[in-house]
Structure formats: C-alpha cells, structure tokens
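Read through the structure below, which is laid out as structure tokens, and then see the notes.
The values are calculated or read from the model by the stated rules, or taken from the named source; none is laboratory data. Everything quoted here is computed from the prediction, not taken from an experiment. So basically every Cβ, Gly included, is an ideal-geometry build from the backbone, and we count neighbours across all protein chains shown.
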Amino acid sequence: MTRTTLTHLDGLTRKHKLSAAGVAVAGASVLAFTVAPGSAHAANLSNPVMSAAMAFSTSDAGSAPQSQQASISQQVAEAVKPVKDHASAQHQAARNKADEARRNEPQAANRSESRPAAPAQAAPAQPAPVSYPNNLDGWIRQALDIMHKNGIPGTYDGIKRNILRESSGDPNAINNWDINARNGIPSKGLLQVIDPTFNAYHVAGTSHNIWDPVANIVAACNYAANRYGSMDNVNSAY
C-alpha cells in the first residue's frame, strides 16, 4: 500500500534535509559560542559545524523554496531552544547568586560591627595595705604580724601582759636605778630592753631605733623566744 500523504519534510530533497540538520547543529554551536565566548572550539571559524552553517546560508538557503526555508528555520529554532533555555537558566542563576552575595555583605558587616568587644581582663586586685592605730593595741598587732612572718612565737595577751608589767604601756619608759642602769645600759621602751639585747635580736624590716614601740616589741619577743621559748612564758623580769 503506497502512502498518499507526505509530511512537509518529505517534500524536501535529501540535500535540503542535510542542510537543515547542519543548520540545527550550527545554531546550537553558535549559541554555545555566545554563552561561552572563551571557548576555543566555538571561536574557531574552521569548525565543520560553523562551515556547514556558513555554506547553507550562502548557497542552499537561496535555492530552497520559501516554505521549505520557513520550515527549516522553525526546526533550527526548536533545536536551539533547549540549549538557549539552559544558558538562560544558568545566567539567571549566576545573577541570583551575585544579588544574594551583595545583599549579604551589609548583614555580615553589621554582624562584625555589632559584635561586642571582648572585655579586658582586670588586673588581679592588690590587697589593701593594713592600717594600724598609733596606740598600744595597734603596736602589738603590727608587731605580731611581723613576728608571724619571721617565725617568732607569741600571742597578743602574752605580749600585753608583759608590757603592762614592764612599762605600763609607755614607749618612752626608762629604768635608771637597776643594775643595768648602774652599768650604763638602762632598760628602755615598752618591754624594757637594753641596747645590746635590742641590737642582737633586732628583726630586719623594723626600725633601728630602740624607742620605736613596734621594733622594741619584736626584738624583745625574739630574745624571749630564744631564751624562754616565747614571750608568753615570761611572767617576771627577764
């Protein structure tokens, strides 16, 4: 049974069909060149696909009937459309990515600027210097702190008891009648210490003046610790 109805392309000669196929491929190649102008293959004018497109445009296009040219143009457009749509989608995706990056730049800058600076580490607090009142209580307490730093035993009560017996708490008290006085070395200060004893048991960091109440207490307690074990063990003249 013979076919009585032919498609539109059946009316084309084999030469026209080959030309149409060449133009379709050429159209895709040309579009690829447009999308990626850096491609050496697309830019090469000696490319067979490009040569086929040029040959059709210069020879076959003029010889084909107008209806056949329109059909070929339509087929070329349909062949190129997927490539063209893909290139357009890639281009739009690139633009969207660039736009998003530009939108995120101010936000990133704001986050960086709004980040609070790390607090500076505070220097370790220095202990406040101890203040002692300028009276018998203050002298004993200051002397005890120095004694403890130097390993000299003694208590507040033991020191105060001996001070009251020896000088009644007067830092300027002096004994001018006992044997030491007759020998020219009278006992002096709160704990009635003679000069040789004070000098021998003086504690570094205290005054070298025997009349200084704190230096007098510390030297006397140092002497008592070496002779009696502690000033707490002294209950009479020593």
For this session: Return the only residue of Ala181, Ala220 being farther than 18 Å from Asn162 by Cα, outside any loop (DSSP other than H, G, I, E, B) and aliphatic (A, V, I, L, M).
Result: Ala181
Problem set entry | Residue in segment 172-189 that is surrounded by the fewest Cβ atoms within 10 Å (Cβ to Cβ), counting only those that are touching a Phe, Trp or Tyr at 6+ places or on another chain (Cβ under 7 Å) and under 18 Å from Ala224 (Cβ atoms) | Lys188
Problem set entry | Verdict on Asp85 being part of a helix (DSSP H, G or I) and at pLDDT 95 or above | no
For this session: Only residues that are in a helix (DSSP H, G or I) and touching a residue at least 24 places away in the same chain (Cβ under 8 Å): list them for segment 223-232, please.
Result: Tyr223, Ala224, Ala225, Asn226, Met231, Asp232
Seminar exercise, completed: Picking from Asn172, Asn176, the residue that is assigned to a loop (DSSP other than H, G, I, E, B) and over 19 Å from Ala215 (Cβ atoms) would be Asn176
Problem set entry | Matching residues in segment 107-164 - criterion: being assigned to a helix (DSSP H, G or I) and either modelled with pLDDT under 95 or farther than 22 Å from Val203 by Cα (or both) | Gln107, Ala108, Ala109, Asn110, Arg111, Ser112, Glu113, Ser114, Leu164
For this session: Say whether the condition of being more than 22 Å from Pro133 (Cα to Cα), touching a strand residue (DSSP E or B) at 6+ places or on another chain (Cβ under 9 Å) and at pLDDT 95 or above is met by at least one residue in segment 213-227.
Result: yes
For this session: Determine whether Tyr238 is at pLDDT below 95 and touching a helix residue (DSSP H, G or I) at 6+ places or on another chain (Cβ under 8 Å).
Result: yes
Problem set entry | Yes/no for Ser207 being in the same structural domain as Gln142 (by TED's automatic domain parsing) and under 55 Å from the mean Cα position of the chain (by Cα) | yes
Problem set entry | Single condition Ile210 does not satisfy, out of (1) touching a residue at least 60 places away in the same chain (Cβ under 8 Å); (2) buried (at least 17 other Cβ atoms within 10 Å of the Cβ); (3) of a type outside the set (Lys, Arg) | (1)
